[in-house]
Amino acid sequence: MVATSTTSKVSVRDLTIRYGQNAVLRNASFEIPENEIFGIIGPAGSGKTSFLRALNRMDEFTPGMSVDGSITLDGKDVQTWRNLYALRRRIGVVFPLPVGLPLSVYGNVALSPRLRGMKRPDLDDIVERCLRRAALWDEVKDRLDALGSLLSGGQQQRLTIARALSQEPDLLLLDEFSIAVDPVTTMRIEDVLKELKKEVTIVLVTNLVQQARRLASRTAFFLNGECVEVGETEELFTGTVQDQRTRDYVEGRFG
Amino acid sequence: MSTVIDSGDADRLDAAWWIDRIVKVLVFAGGISAIVFILGIFAFVTKEGFGFVLKDMDVVEFFTSPNWRPTSDTKPTHGILALLAGTASITGFAMLISVPFSLGAAIYIGEFATGKTRETLKVLVEMLAAIPSVVWGFIGLSIMNPLIIDLFDVPVGLCMLNAGLILGLMAAPIMTTIAEDALKAVPDGYREAAEAMGATRWQVIWKVVIPAAKNGLVAAVLLGVGRGFGETMAVLMASGHSINMPEGVFDPVRALTATIAAELGETVAGDTHYQALFTLGILLFAVTFVINLTADLVVRGIRKK
């Protein structure tokens, strides 16, 4: 990979995403710095998830989805990666609703390393390490062979985080991970994320503005397909905002 | 004051109540009649065949002798081993062909094909499944037969190979349809999650979709086996229909079902031959019942998880 002189992990330039004729994100440009949590807030339908999908090129399998402009990862335009799968392996994704694949707890976390040809006992190590990093190890270490889908919702979401970590990604995308998770588990996962950001760049899409405030160093505000404002998170909440809509949203006046 | 909606007397039976009651009775009658019919058929087959089972049947001969000579004047024998071997070899050969074909087709239709291609293929496969078996038998007789004679330089082309191929082609569309349903039942979230991890298309299918659809796929294969076991007309026309312990794919064989179809018309109702054929019927009934039951239990296995 080309190392660039900037500390930007991801650069977004004039990004427009369309489904058919319908643009869900227009001319967005911003930088995501390395090793910090970058929040994206905004109401439903503002283009947040579409941005994540464009980032790991999930548009490839979505008929009608088209992406213009550029997203670069480590200075290289993601559209120019010839091996799409290598790109996706570097990007971990956590979906809103936990998707426990129909495999055991162990099998879920081991899937990605297995696809890359890793065998036991290395596999055991990586499974344990990822489950520990996702703060799940102590709860599941005695039932690694149980079906992942038998875990509670909060555990499943941490399982998907462990699974994403098993890819050893340098970019972790979280799409409203706390939707199906209780507040206590949410707090635990947030603690996990604070730890992880030392090693991994995290993009946190959330519709809980306070969550972005707790976690993100910088935050972007999306509204109806427009990237309204990007800035230091605290600035958005307390300082001067460039756009009154940002203030209205973070203070809960709409959305 | 707004209009008060009449929510009805507690004891007045209105139209909706009656309709509900009538529909309930009709649906019950529909459901129960299926059971009544199947029990009736079973009772009939058993009644007709049981005289033989109790009186004339020599159990050891029945299952171990390859000699099926129910019309012999001197010493009639009723050994079904050759017929069983015929049915089993044809079915086995058919599965050898149709399982890879139909699973491949199901994976293509379910996982790779999109839009128009997919819809067209689905309709075509369903049309294939609707081709009457006598038409398949005709193909076996008039197309495959000379083809096999030409290609392999054998005297007769009506043989296990022919019947197995025909039966394989017949079973494939049904297996494809059911297998494709099983693949479709796998939530898209699984595919998306695996794809997001960088799994290739093939890895997604092999490591995630197929394991998740495993039970449905097994059920599809079992239903194909059941179909093969029970198929009569096409097998009768393509197999050569001669009593023979098959030693190679070019040997003509005879199937249980075809035996019943071909011989029942020549019997006198109630005589030993007639009853013996019904005993074959009981056997077929039992085997297909077990296969279907297994398929059903396997499918239920999916829902438990």
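The values are calculated or read from the model by the stated rules, or taken from the named source; none is laboratory data. These numbers were taken from a predicted model, which means no experiment stands behind them. All Cβ positions, even for glycine, are placed from backbone atoms using ideal geometry, and neighbour counts span all protein chains on display. Each accessible area value is taken on the protein alone, full model and side chains, heavy atoms only, with ligands, DNA and RNA left out. Shrake-Rupley method; radii C 1.70, N 1.55, O 1.52, S 1.80 Å.
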- Message: Straight-line reach from B:K184: which lysines fall under 16 Å, measuring Cα to Cα and dropping same-chain residues less than 8 apart?
- Response: B:K122, B:K207, B:K214
- Message: Quick check on the protein assembly as shown: helices-only [θ] at 222 nm, where DSSP H runs of length 4 and up contribute -39,500 (n - 2.57) each and the sum goes over total residues. Nearest 500, please.
- Response: -17000 deg cm²/dmol
- Item | Amide H within-cut-off set for A:E36, under 5 Å, with H built and near neighbours excluded | A:I202
- Task: Please average, across the residues of A:87-98, the number of beta carbons from any other chain that are within 10 Å of each residue's own beta carbon, and give a whole number.
- Result: 3
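Which order do A:E128, A:E234 take by accessible area at a 1.4 Å probe, largest first? Working shown, then result.
Working: A:E128 60, A:E234 90 Å².
Descending order: A:E234, A:E128.
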- Message: Looking at chain B as a GNM with Cα springs under 10 Å, which of B:P66, B:P76, B:P173 has the largest mean-square fluctuation?
- Response: B:P76
- Task: Show me A:154-163, B:29-38, B:142-151 ranked by packing, highest mean number of other Cβ atoms within 10 Å first.
- Result: A:154-163, B:142-151, B:29-38
- Working from Cα positions, state the angle (0 to 90°, nearest 10) between the long axis of helix A:153-166 and the longest principal axis of chain A. 90 degrees
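For peptide B:202-215, what's the mean number of Cβ atoms from other chains within 10 Å of each residue's Cβ? Present the calculation step by step, with values, prior to reporting the outcome.
Values: counts 0, 5, 1, 0, 1, 6, 4, 1, 0, 4, 3, 1, 1, 0.
Shielding by partners across B:202-215 averages 2.
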- Item | Crossing angle, helix B:210-230 versus chain B [Cα axis fit, 0-90 degrees, rounded to tens] | 40 degrees
- Summarise the partner chain shielding of A:157-170 as one whole number: the mean count of Cβ atoms from other chains within 10 Å of each residue's Cβ. 1
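What relative contact order, as a whole-number percentage, does chain A give when Cα pairs under 8 Å and 6 or more residues apart are counted? Display every interim value, and only then the final one.
Values: 495 pairs, mean separation 69.3, N = 255.
Taking the mean separation of contacting Cα pairs over the length of chain A, I get 27 percent.
Heavy atoms only, 1.4 Å probe, whole protein assembly: order B:L158, B:L169 by accessible area, highest first.
Values: B:L158 35, B:L169 80 Å².
Per-residue accessible area, sorted high to low, gives B:L169, B:L158.
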- Query: Just how large is the dipole of segment A:8-250 about the Cα centre, in debye to the nearest 20, putting +1 at every Lys and Arg Cβ and -1 at every Asp and Glu Cβ?
  - Reply: 600 debye
- Name the residue farthest towards the positive end of the dipole of segment B:84-304 from the options B:G86, B:P173, B:F152, assuming +1 on Cβ of Lys and Arg, -1 on Cβ of Asp and Glu, about the Cα centre. B:P173
- Message: If you take every residue apart from B:F112 with its C-beta less than 11 Å away from the C-beta of B:F112, what net charge results, scoring Lys and Arg +1 and Asp and Glu -1?
- Response: +1
- In terms of Cα to Cα distance under 15 Å, which aspartates and glutamates are near enough to A:K141, apart from those fewer than 8 places away along the same chain? A:D124, A:D125, A:E128
- Task: Report relative contact order for segment B:84-304 in percent, whole number only (criteria: Cα-Cα under 8 Å, sequence separation at least 6).
- Result: 28 percent
- Message: Can you give me the long-range amide H partners of B:R69? Hydrogens built in the peptide plane at 1.01 Å from N, cutoff under 5 Å, separation of 5 or more residues or another chain.
- Response: B:T77, B:H78, B:G79
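Considering only protein heavy atoms, with the full assembly of protein chains and a 1.4 angstrom probe, order B:E61, A:E226, A:E199 by accessible area, largest first. Working shown, then result.
Numbers: B:E61 40, A:E226 70, A:E199 110 Å².
Correct descending sequence by accessible area is A:E199, A:E226, B:E61.
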- Item | Helix B:272-304 vs. chain B, principal-axis angle (Cα, 0 to 90°, nearest 10) | 30 degrees
